[in-house]
Amino acid sequence: MHYLSTRGNAPALTFSQILLGGLAPDGGLYLPETYPRFSADDLAAMRGMDYRQLAFAVLSRLADDIPADDLKVLIDKTYTADTYCHGRQDSDYSQITPVRKLEDDLYILELSNGPTLAFKDMAMQLLGNLFEYALDKAGQDINILGATSGDTGSAAEYAMRGKHNVRVFMLSPEHGMTRFQQAQMYSLQDANIFNIAVRGVFDDCQDMVKSVSNDLEFKAKYRIGAVNSINWGRIAAQVIYYFKAYFAVTENNQQQVSFSVPSGNFGNVCAGHIARMLGLPVHKLIVATNENDVLDEFFHSGVYRPRTAAQTLHTSSPSMDISKASNFERFVADLTGRDAAKVAELWKAVDAGGSFDLKPDGLFDNIKNFGIVSGSSSHADRMRTIRLVWEKYRVMIDTHTADGLKVGLEHRDPGIPLVCLETALPAKFEDSIVEALGMRPERPAGLENLESLPRRVTDMDADVAAIQAFIARHAND
């Protein structure tokens with residue numbers, strides 16, 4: 001299995017060769033040269049598998065350069081009930097990603113039982129073990145540079161803390177996260193973790209990560225790697241739980257399932273798109289945005305129009321306060337039929353601060369072949385949905401999951417199971433839960449006084465040169 005850049009001007013590489021990096025040298029993102037397909041017989045064999053077995057079945061196709069015995073060890077080390085036991089007390093942690101039934105054909109896929117109470121743990125814990133494995137094999141170290149709008153940062157740091165040969169430099173918007181999210185990250189005292197609070201919004205942080213990654217000389221000198229969803233390893237790991245959910249809510253492989261996915265950076269729903277391309281019987285992928293509705297606008301109009309930092313709204317589902325979806329390029333590459341020259345042309349406009357329209361040349365018509373629809377949700381919608389789910393099902397959901405459920409229900413089809421992907425536990429968004437329900441969400445044991453812990457964080461302007469200088473000072477700590 002080899003991987004190519006979406007922009008077509010980078011060498012074909014193996015999974016292990018692209019694992020530690022983010023962007024390809026030409027600024028594009030990596031995708032498999034061709035998608036392996038699971039046959040009907042494969043799906044039948046997978047139906048009875050537990051999470052670790054499913055993970056091996058999927059990843060062994062996508063990471064076929066890692067010896068099978070080594071891959072099994074890494075998977076078994078990652079996906080344990082002890083690691084994913086931080087969620088609701090009635091969850092079946094042995095399932096790793098339990099499915100919670102609300103009513104017939106309506107489910108929530110619990111993805112937030114990991115150490116940071118967010119779905120990012122599902123991939124990041126594996127990525128941490130993969131990084132350590134690859135670095136030990138190569139006798140190298142790495143400086144991970146990432147950006148977070150709330151959950152990626154803490155998931156990455158908890159996965160990488162204490163790992164030898166790994167340092168993490170995580171950029172986050174100064175005012176773009178909840179107190180809980182900030183405390184999860186900034187309270188870490190591990191010497192290999194560096195938190196940087198940027199005076200700006202998430203898109204400023206993400207732009208700086210891309211700028212540093214595109215400085216090939218600096219990237220090589222300081223061994224810069226990525227854990228954001230631009231890293232293919234993360235997308236590959238997220239594919240697993242789509243298969244797990246499908247088998248959990250169906251009785252046979254002739255049935256189809258729709259997935260509703262809260263979306264900001266298009267990473268989670270991109271994994272669903274990959275699962276569909278691998279042969280999973282997906283009826284619809286439902287993209288749910290908040291008020292920052294760049295993706296919803298595209299799926300209705302064919303126009304992809306990223307907003308500026310000043311135009312990006314701060315909402316009560318802050319992890320989706322993103323106006324430039326970095327993973328979207330992977331989907332557009334498939335939408336164009338892997339026309340790398342076209343993708344490069346489109347993102348040349350985006351990188352220059354512009355937009356593009358896929359309707360005039362007919363490319364937008366191809367959307368119907370991928371089963372993707374979309375919708376948006378407002379603060380009032382979130383509050384209403386949180387109250388509805390609590391009153392009707394006695395289940396408490398966070399604001400992002402509420403966005404997904406609200407939009408998912410708008411696209412629900414009779415007789416087709418709808419699985420709404422959970423984003424995080426309500427405890428991470430306490431103020432919004434209090435507003436919606438008049439009560440505080442329960443916190444997992446040990447996190448009761450998180451905000452009072454000492455903090456270790458550096459405040460900086462949105463300045464690429466300053467970030468590079470900071471990395472250079474600490475790259476060998």
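Some points to look at:
- Filter result (in a loop (DSSP other than H, G, I, E, B), more than 19 Å from Y35 (Cα to Cα) and at pLDDT 95 or above) within segment 331-353: none
- Selection status of R52, touching a Gly at 6+ places or on another chain (Cβ under 6 Å) and either farther than 25 Å from D136 by Cβ or at pLDDT 95 or above (or both): no
Results for (1) crowded, with 19+ Cβ neighbours inside 10 Å; (2) in a loop (DSSP other than H, G, I, E, B); (3) without any contact (Cβ under 8 Å) to a residue 40 or more places away in the chain, shown as yes or no for each residue.
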residue: K72; (1), (2), (3): no, no, yes
residue: T80; (1), (2), (3): no, yes, yes
residue: H86; (1), (2), (3): yes, yes, no
residue: Q89; (1), (2), (3): no, yes, yes
residue: L102; (1), (2), (3): no, no, no
residue: L111; (1), (2), (3): yes, yes, no
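- Subset of segment 58-69 (residues that are assigned to a helix (DSSP H, G or I), surrounded by 13 or more Cβ atoms within 10 Å (Cβ to Cβ) and not small (G, A, S)): V58, L59, R61, L62
- Test for M439: is it of a type outside the set (S, T, N, Q) and more than 26 Å from the chain's Cα centre (by Cα): yes
Residue-wise test of (1) under 23 Å from V227 (Cβ atoms); (2) surrounded by fewer than 16 Cβ atoms within 10 Å (Cβ to Cβ).
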| site | (1), (2) |
| --- | --- |
| S316 | no, no |
| K324 | yes, no |
| F331 | yes, no |
| A340 | no, no |
| L346 | no, no |
| L388 | no, no |
| I416 | no, yes |
| V419 | no, no |
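- Qualifying positions in segment 210-247 - more than 21 Å from C270 (Cα to Cα) and part of a helix (DSSP H, G or I): S211, V212, S213, N214, L216, E217, F218, K219, A220, K221
- Any hit, segment 426-442, residues being touching a strand residue (DSSP E or B) at 6+ places or on another chain (Cβ under 6 Å) and in contact (Cβ under 8 Å) with a residue 60 or more places away in the chain: no
- Scanning segment 443-459 for residues that are over 30 Å from R199 (Cβ atoms) and either buried (at least 16 other Cβ atoms within 10 Å of the Cβ) or touching a residue at least 12 places away in the same chain (Cβ under 8 Å) (or both) yields a single hit, P444.
- Looking only at residues of segment 149-174 that are free of Cβ contacts under 8 Å to residues at least 60 places away in the same chain and of a type in the set (S, T, N, Q), we find that the one that is farthest from A309 (Cα to Cα) is N165.
- Selection count where residues are within 15 Å of G375 (Cα to Cα) and either under 13 Å from the mean Cα position of the chain (by Cα) or buried (at least 24 other Cβ atoms within 10 Å of the Cβ) (or both), scope segment 266-291: 8
- Flag if P11 is crowded, with 17+ Cβ neighbours inside 10 Å and closer than 30 Å to A147 by Cα: no
- Scan of segment 189-205 for residues that are over 17 Å from N143 (Cα atoms) and crowded, with 19+ Cβ neighbours inside 10 Å, ordered by number: A197, V198, G200, V201, F202, D203, D204
- Long-range neighbours under 8 Å by Cβ, at least six apart or interchain, first residue within 16 Å of V249 (Cβ to Cβ) within segment 41-63, second assigned to a helix (DSSP H, G or I) and among the basic types (K, R): Y51/K244; L54/K244
- Of the criteria (1) crowded, with 23+ Cβ neighbours inside 10 Å; (2) at pLDDT below 95; (3) not basic (K, R), which one D361 fails: (1)
- Restricting segment 176-204 to residues that are part of a loop (DSSP other than H, G, I, E, B) and either under 21 Å from L117 (Cβ atoms) or among the basic types (K, R) (or both), the residue that is modelled with the lowest pLDDT: G176
The values are calculated or read from the model by the stated rules, or taken from the named source; none is laboratory data. Since this is a predicted model, take the numbers as computed values, not measurements. Positions of Cβ are generated from backbone atoms using ideal geometry, with glycine treated the same way; all protein chains shown enter the neighbour counts.
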